[in-house]
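Report on one structure; see the data block that follows.
The values are calculated or read from the model by the stated rules, or taken from the named source; none is laboratory data. Source: prediction; values computed, not measured. Cβ atoms come from the backbone with ideal geometry, glycine included; neighbour counts cover every protein chain shown. To get the accessible areas, we keep the full protein, side chains included, count just its heavy atoms, and leave off ligands, DNA and RNA. Shrake-Rupley method; radii C 1.70, N 1.55, O 1.52, S 1.80 Å.
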Amino acid sequence: MDVHRVEFEVDWPPFHAAAYLVDAVEPVLVDAGGPGERGWTELTAGLTDAGFAAADVEHLLVTHPHTDHDGQVARLVDAADPTVYALESARDRLRMDADLLAARVRSNAAAAGVDEDGVEEHADRAVSSLERNRGCFPPDCVDRTLAPGESFEAGGVTFETVHTPGHQRDHACFAAGDRLFAGDQVIEPFRAAALNVGLDDEVFDSVDEFYAGYRRLARRSFDRVYPGHGPVFEGFADALADSVASLDSLVAETADALDTLGNATPADVNAERVDEQRDYTLFETVGALGHLDTAGHADHTVEDGVRRYAPTDG
Ligand SMILES: [Zn+2]
(Lines give C-alpha, C1' and ligand atoms only; values in the text may rest on other atoms or scores of the structure.)
Protein backbone atom coordinates (compact mmCIF):
# COMPACT_ATOMS: atom_id res chain seq x y z
CA MET A 1 0.00 0.00 0.00
CA ASP A 2 1.69 3.20 -1.19
CA VAL A 3 0.87 6.38 0.66
CA HIS A 4 1.56 9.80 -0.86
CA ARG A 5 1.68 12.93 1.23
CA VAL A 6 0.02 16.16 0.08
CA GLU A 7 1.10 19.34 1.89
CA PHE A 8 -0.80 22.54 2.48
CA GLU A 9 0.39 25.89 3.74
CA VAL A 10 -1.71 27.18 6.64
CA ASP A 11 -1.60 30.54 8.40
CA TRP A 12 -1.00 29.26 11.93
CA PRO A 13 1.74 27.15 13.52
CA PRO A 14 3.23 24.86 12.32
CA PHE A 15 2.23 26.60 9.04
CA HIS A 16 1.56 23.43 7.14
CA ALA A 17 -0.94 20.56 7.22
CA ALA A 18 -0.85 17.21 5.48
CA ALA A 19 -3.35 14.95 3.74
CA TYR A 20 -2.55 11.47 2.43
CA LEU A 21 -3.47 9.68 -0.76
CA VAL A 22 -3.58 5.94 -0.24
CA ASP A 23 -2.90 4.17 -3.53
CA ALA A 24 -5.32 1.31 -2.88
CA VAL A 25 -7.58 -0.70 -5.23
CA GLU A 26 -9.53 2.55 -5.41
CA PRO A 27 -7.76 5.78 -4.38
CA VAL A 28 -8.47 6.86 -0.79
CA LEU A 29 -7.72 10.37 0.46
CA VAL A 30 -7.32 10.90 4.21
CA ASP A 31 -8.21 14.54 4.96
CA ALA A 32 -8.70 17.28 2.46
CA GLY A 33 -6.25 20.03 3.23
CA GLY A 34 -6.42 23.72 3.85
CA PRO A 35 -9.24 26.06 2.81
CA GLY A 36 -9.71 28.40 -0.12
CA GLU A 37 -8.24 28.65 -3.59
CA ARG A 38 -4.73 28.07 -2.26
CA GLY A 39 -5.79 24.77 -0.68
CA TRP A 40 -7.38 23.58 -3.92
CA THR A 41 -4.24 24.42 -5.92
CA GLU A 42 -2.10 22.57 -3.38
CA LEU A 43 -4.40 19.55 -3.34
CA THR A 44 -4.52 19.18 -7.10
CA ALA A 45 -0.75 19.78 -7.41
CA GLY A 46 -0.03 17.19 -4.70
CA LEU A 47 -2.31 14.63 -6.32
CA THR A 48 -0.69 15.28 -9.71
CA ASP A 49 2.76 14.70 -8.19
CA ALA A 50 1.46 11.37 -6.90
CA GLY A 51 0.13 10.47 -10.36
CA PHE A 52 -3.55 11.19 -9.68
CA ALA A 53 -6.18 13.73 -10.61
CA ALA A 54 -8.73 15.10 -8.13
CA ALA A 55 -11.44 13.25 -10.09
CA ASP A 56 -9.70 9.92 -9.30
CA VAL A 57 -10.40 10.14 -5.56
CA GLU A 58 -13.07 7.53 -4.78
CA HIS A 59 -13.04 7.64 -0.97
CA LEU A 60 -12.45 10.54 1.41
CA LEU A 61 -11.87 9.95 5.13
CA VAL A 62 -12.06 13.05 7.35
CA THR A 63 -10.25 12.89 10.71
CA HIS A 64 -11.88 15.98 12.20
CA PRO A 65 -13.78 19.12 11.23
CA HIS A 66 -11.06 21.78 11.33
CA THR A 67 -10.41 23.83 8.21
CA ASP A 68 -6.79 22.70 7.83
CA HIS A 69 -8.15 19.14 7.35
CA ASP A 70 -11.61 19.56 5.87
CA GLY A 71 -10.74 22.61 3.74
CA GLN A 72 -11.49 21.06 0.35
CA VAL A 73 -14.23 18.53 1.17
CA ALA A 74 -17.00 20.46 -0.66
CA ARG A 75 -14.82 21.18 -3.67
CA LEU A 76 -13.63 17.58 -3.92
CA VAL A 77 -17.22 16.32 -3.68
CA ASP A 78 -18.06 18.60 -6.63
CA ALA A 79 -15.05 17.42 -8.61
CA ALA A 80 -14.95 13.70 -7.84
CA ASP A 81 -18.02 12.76 -5.76
CA PRO A 82 -16.03 10.41 -3.51
CA THR A 83 -17.72 8.44 -0.74
CA VAL A 84 -17.14 10.64 2.33
CA TYR A 85 -16.56 8.98 5.72
CA ALA A 86 -16.62 10.80 9.07
CA LEU A 87 -17.72 10.21 12.63
CA GLU A 88 -21.47 10.62 12.94
CA SER A 89 -20.87 13.03 15.83
CA ALA A 90 -18.68 15.19 13.56
CA ARG A 91 -21.50 15.47 11.04
CA ASP A 92 -23.99 16.28 13.78
CA ARG A 93 -21.71 18.91 15.34
CA LEU A 94 -21.42 20.61 11.94
CA ARG A 95 -25.22 20.69 11.79
CA MET A 96 -25.69 22.35 15.17
CA ASP A 97 -27.80 25.46 15.54
CA ALA A 98 -25.55 28.53 15.67
CA ASP A 99 -27.78 30.42 18.13
CA LEU A 100 -27.84 27.50 20.55
CA LEU A 101 -24.06 27.21 20.27
CA ALA A 102 -23.68 30.93 21.03
CA ALA A 103 -25.98 30.61 24.07
CA ARG A 104 -23.99 27.66 25.47
CA VAL A 105 -20.65 29.39 24.86
CA ARG A 106 -21.90 32.56 26.63
CA SER A 107 -22.95 30.52 29.63
CA ASN A 108 -19.69 28.51 29.80
CA ALA A 109 -17.51 31.59 29.23
CA ALA A 110 -19.34 33.31 32.10
CA ALA A 111 -18.88 30.17 34.23
CA ALA A 112 -15.14 30.38 33.46
CA GLY A 113 -15.06 33.94 34.86
CA VAL A 114 -14.63 35.71 31.52
CA ASP A 115 -15.79 39.36 31.53
CA GLU A 116 -18.83 40.51 29.53
CA ASP A 117 -16.95 41.71 26.43
CA GLY A 118 -14.92 38.52 26.43
CA VAL A 119 -18.08 36.43 26.66
CA GLU A 120 -19.47 38.02 23.49
CA GLU A 121 -16.15 37.65 21.67
CA HIS A 122 -15.99 33.95 22.51
CA ALA A 123 -19.58 33.43 21.32
CA ASP A 124 -18.88 35.28 18.03
CA ARG A 125 -15.69 33.33 17.37
CA ALA A 126 -17.36 29.98 18.11
CA VAL A 127 -20.14 30.76 15.64
CA SER A 128 -17.77 31.97 12.92
CA SER A 129 -15.61 28.89 13.36
CA LEU A 130 -18.70 26.67 13.00
CA GLU A 131 -19.76 28.54 9.88
CA ARG A 132 -16.27 28.43 8.37
CA ASN A 133 -16.10 24.69 8.91
CA ARG A 134 -19.48 23.89 7.50
CA GLY A 135 -18.67 26.06 4.48
CA CYS A 136 -15.65 23.83 3.80
CA PHE A 137 -17.36 20.65 4.92
CA PRO A 138 -21.15 20.81 4.48
CA PRO A 139 -22.45 18.05 6.78
CA ASP A 140 -24.67 16.64 4.03
CA CYS A 141 -21.47 15.63 2.20
CA VAL A 142 -21.04 12.73 4.64
CA ASP A 143 -22.15 9.52 2.89
CA ARG A 144 -20.99 7.05 5.48
CA THR A 145 -21.21 7.94 9.16
CA LEU A 146 -18.84 6.10 11.48
CA ALA A 147 -19.24 5.03 15.09
CA PRO A 148 -16.29 4.99 17.52
CA GLY A 149 -14.45 1.69 17.13
CA GLU A 150 -16.14 0.85 13.85
CA SER A 151 -14.17 -0.93 11.14
CA PHE A 152 -15.00 -0.30 7.51
CA GLU A 153 -13.59 -0.97 4.09
CA ALA A 154 -12.67 1.79 1.69
CA GLY A 155 -10.98 1.18 -1.64
CA GLY A 156 -10.00 -2.35 -0.63
CA VAL A 157 -8.36 -1.28 2.66
CA THR A 158 -9.82 -2.07 6.08
CA PHE A 159 -9.73 0.93 8.39
CA GLU A 160 -10.60 1.04 12.06
CA THR A 161 -12.11 4.21 13.49
CA VAL A 162 -10.36 5.10 16.76
CA HIS A 163 -12.22 7.87 18.57
CA THR A 164 -9.60 10.30 19.86
CA PRO A 165 -11.17 13.45 21.31
CA GLY A 166 -9.24 16.20 23.09
CA HIS A 167 -7.86 18.27 20.25
CA GLN A 168 -11.34 18.07 18.75
CA ARG A 169 -14.32 16.24 20.26
CA ASP A 170 -15.20 14.37 17.07
CA HIS A 171 -11.68 13.47 16.03
CA ALA A 172 -10.96 10.00 14.68
CA CYS A 173 -7.66 8.34 13.91
CA PHE A 174 -7.83 5.69 11.20
CA ALA A 175 -5.82 2.53 11.81
CA ALA A 176 -4.98 0.34 8.82
CA GLY A 177 -2.96 -2.65 9.97
CA ASP A 178 0.39 -1.42 11.26
CA ARG A 179 -0.20 2.11 9.96
CA LEU A 180 -2.00 4.95 11.68
CA PHE A 181 -3.54 7.99 10.03
CA ALA A 182 -3.32 10.10 13.16
CA GLY A 183 -4.84 13.45 12.22
CA ASP A 184 -3.86 15.88 14.98
CA GLN A 185 -3.85 13.35 17.82
CA VAL A 186 -0.26 12.12 17.67
CA ILE A 187 2.24 14.46 16.05
CA GLU A 188 5.93 13.87 16.54
CA PRO A 189 7.28 17.36 17.36
CA PHE A 190 4.39 18.68 19.49
CA ARG A 191 0.97 18.10 21.02
CA ALA A 192 -1.98 19.79 19.35
CA ALA A 193 -3.92 22.13 21.66
CA ALA A 194 -6.86 20.78 23.67
CA LEU A 195 -9.45 22.74 21.69
CA ASN A 196 -11.98 19.90 21.89
CA VAL A 197 -15.39 21.68 22.03
CA GLY A 198 -14.04 25.20 22.51
CA LEU A 199 -16.27 26.70 25.21
CA ASP A 200 -19.27 24.61 24.19
CA ASP A 201 -20.83 22.32 26.81
CA GLU A 202 -18.43 19.72 28.16
CA VAL A 203 -15.48 22.12 27.97
CA PHE A 204 -14.66 21.04 31.53
CA ASP A 205 -14.20 17.44 30.26
CA SER A 206 -11.72 18.25 27.47
CA VAL A 207 -8.52 17.14 29.20
CA ASP A 208 -10.18 14.00 30.61
CA GLU A 209 -11.27 13.17 27.08
CA PHE A 210 -7.81 13.85 25.66
CA TYR A 211 -6.35 11.34 28.13
CA ALA A 212 -9.06 8.81 27.22
CA GLY A 213 -8.17 9.13 23.53
CA TYR A 214 -4.48 8.57 24.29
CA ARG A 215 -5.33 5.50 26.40
CA ARG A 216 -7.31 4.07 23.49
CA LEU A 217 -4.24 4.45 21.26
CA ALA A 218 -1.80 3.20 23.90
CA ARG A 219 -3.26 -0.29 23.65
CA ARG A 220 -1.99 -0.54 20.08
CA SER A 221 1.26 -0.37 18.20
CA PHE A 222 2.00 1.01 14.78
CA ASP A 223 5.08 0.89 12.57
CA ARG A 224 4.32 4.08 10.71
CA VAL A 225 2.27 7.15 11.55
CA TYR A 226 0.85 9.66 9.05
CA PRO A 227 -0.01 12.79 11.07
CA GLY A 228 -1.91 15.93 10.09
CA HIS A 229 1.17 18.05 10.87
CA GLY A 230 4.88 17.38 11.18
CA PRO A 231 6.73 14.56 9.45
CA VAL A 232 5.60 10.98 8.84
CA PHE A 233 7.27 8.98 11.61
CA GLU A 234 7.92 5.52 12.98
CA GLY A 235 8.34 6.07 16.72
CA PHE A 236 4.66 5.81 17.64
CA ALA A 237 5.18 4.81 21.30
CA ASP A 238 7.65 7.67 21.93
CA ALA A 239 5.46 10.28 20.25
CA LEU A 240 2.45 9.07 22.24
CA ALA A 241 4.45 9.21 25.50
CA ASP A 242 5.59 12.78 24.65
CA SER A 243 1.98 13.81 23.98
CA VAL A 244 0.79 12.40 27.30
CA ALA A 245 3.72 14.10 29.08
CA SER A 246 2.75 17.40 27.50
CA LEU A 247 -0.80 17.02 28.79
CA ASP A 248 0.60 16.09 32.22
CA SER A 249 2.61 19.37 32.19
CA LEU A 250 -0.51 21.35 31.35
CA VAL A 251 -2.28 19.78 34.33
CA ALA A 252 0.73 20.37 36.61
CA GLU A 253 1.06 24.04 35.54
CA THR A 254 -2.66 24.53 36.16
CA ALA A 255 -2.42 22.91 39.61
CA ASP A 256 0.54 25.21 40.45
CA ALA A 257 -1.35 28.30 39.34
CA LEU A 258 -4.36 27.24 41.41
CA ASP A 259 -2.12 26.61 44.44
CA THR A 260 -0.66 30.11 44.09
CA LEU A 261 -4.10 31.75 43.91
CA GLY A 262 -5.84 29.52 46.44
CA ASN A 263 -9.37 30.16 45.26
CA ALA A 264 -10.02 31.49 41.78
CA THR A 265 -12.08 31.48 38.61
CA PRO A 266 -10.74 29.56 35.58
CA ALA A 267 -9.99 32.91 33.87
CA ASP A 268 -7.85 33.97 36.87
CA VAL A 269 -6.04 30.62 36.88
CA ASN A 270 -5.44 31.01 33.16
CA ALA A 271 -3.98 34.51 33.65
CA GLU A 272 -1.69 33.12 36.34
CA ARG A 273 -0.66 30.11 34.23
CA VAL A 274 0.12 31.81 30.90
CA ASP A 275 1.76 35.11 30.02
CA GLU A 276 0.52 35.33 26.47
CA GLN A 277 -3.14 34.41 26.44
CA ARG A 278 -4.99 33.05 23.46
CA ASP A 279 -8.41 31.45 23.12
CA TYR A 280 -6.91 28.00 23.31
CA THR A 281 -4.99 28.72 26.53
CA LEU A 282 -8.31 29.38 28.28
CA PHE A 283 -9.85 26.20 26.82
CA GLU A 284 -6.82 24.25 28.08
CA THR A 285 -6.91 25.80 31.56
CA VAL A 286 -10.65 25.12 31.90
CA GLY A 287 -10.17 21.51 30.76
CA ALA A 288 -7.23 21.03 33.12
CA LEU A 289 -9.26 22.38 36.06
CA GLY A 290 -12.03 19.95 35.14
CA HIS A 291 -9.47 17.15 35.17
CA LEU A 292 -8.08 18.22 38.58
CA ASP A 293 -11.67 18.22 39.84
CA THR A 294 -12.40 14.68 38.55
CA ALA A 295 -9.09 13.44 39.93
CA GLY A 296 -9.96 14.85 43.38
CA HIS A 297 -7.19 17.50 43.41
CA ALA A 298 -9.53 20.48 43.15
CA ASP A 299 -13.09 21.38 43.98
CA HIS A 300 -15.39 24.06 42.70
CA THR A 301 -18.36 26.07 43.83
CA VAL A 302 -20.74 28.05 41.64
CA GLU A 303 -21.96 31.52 42.53
CA ASP A 304 -24.12 33.58 40.14
CA GLY A 305 -23.15 31.20 37.35
CA VAL A 306 -19.40 31.66 37.91
CA ARG A 307 -17.17 28.79 38.97
CA ARG A 308 -14.49 29.19 41.60
CA TYR A 309 -11.90 26.47 42.07
CA ALA A 310 -9.77 25.66 45.07
CA PRO A 311 -7.14 22.99 45.58
CA THR A 312 -8.01 20.07 47.85
CA ASP A 313 -5.53 18.13 49.94
CA GLY A 314 -6.45 14.99 47.94
ZN1 LIG B 1 -4.67 20.51 12.33
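Spot the failing condition for E88; the list is (1) surrounded by fewer than 22 Cβ atoms within 10 Å (Cβ to Cβ); (2) over 21 Å from the mean Cα position of the chain (by Cα); (3) free of Cβ contacts under 8 Å to residues at least 60 places away in the same chain, and only one is missed.
So E88 meets the others, but not (2).
Taking strands (runs of 3 or more DSSP E) that fall entirely within the stretch 156-244, which contain at least 1 residues that are more than 16 Å from the ligand (Cβ to nearest atom) and open to solvent by less than 20 Å² (accessible area, probe 1.4 Å)?
Where strands (runs of 3 or more DSSP E) fall fully within the stretch 156-244 and carry at least 1 residues being more than 16 Å from the ligand (Cβ to nearest atom) and open to solvent by less than 20 Å² (accessible area, probe 1.4 Å), they are 157-163, 172-176.
What pairs can you find where one residue is in the stretch 11-24 and in contact (Cβ under 8 Å) with a residue 60 or more places away in the chain, the other is aromatic (F, W, Y), and their Cβ atoms are less than 7 Å apart, with a gap of 6+ or different chains?
Between residues of the stretch 11-24 that are in contact (Cβ under 8 Å) with a residue 60 or more places away in the chain and residues that are aromatic (F, W, Y), the close pairs are H16/F8; A17/F8; Y20/F181; Y20/Y226.
The conditions are (1) within 16 Å of the ligand (Cβ to nearest atom); (2) part of a helix (DSSP H, G or I); (3) over 16 Å from D140 (Cβ atoms), and H64 fails exactly one of them. Which is it?
(2)
Within the stretch 72-84, take every residue that is open to solvent by 10 Å² or more (accessible area, probe 1.4 Å) and touching a strand residue (DSSP E or B) at 6+ places or on another chain (Cβ under 7 Å) and give me the one that is nearest to F137 (Cα to Cα).
V77
Out of A182, A172, A194, I need the residue that is hydrophobic (A, V, I, L, M, F, W, C), under 16 Å from R215 (Cβ atoms) and in contact with a Cys (Cβ under 6 Å, 6 or more places away or on another chain). Which one?
So the residue among A182, A172, A194 that is hydrophobic (A, V, I, L, M, F, W, C), under 16 Å from R215 (Cβ atoms) and in contact with a Cys (Cβ under 6 Å, 6 or more places away or on another chain) is A182.
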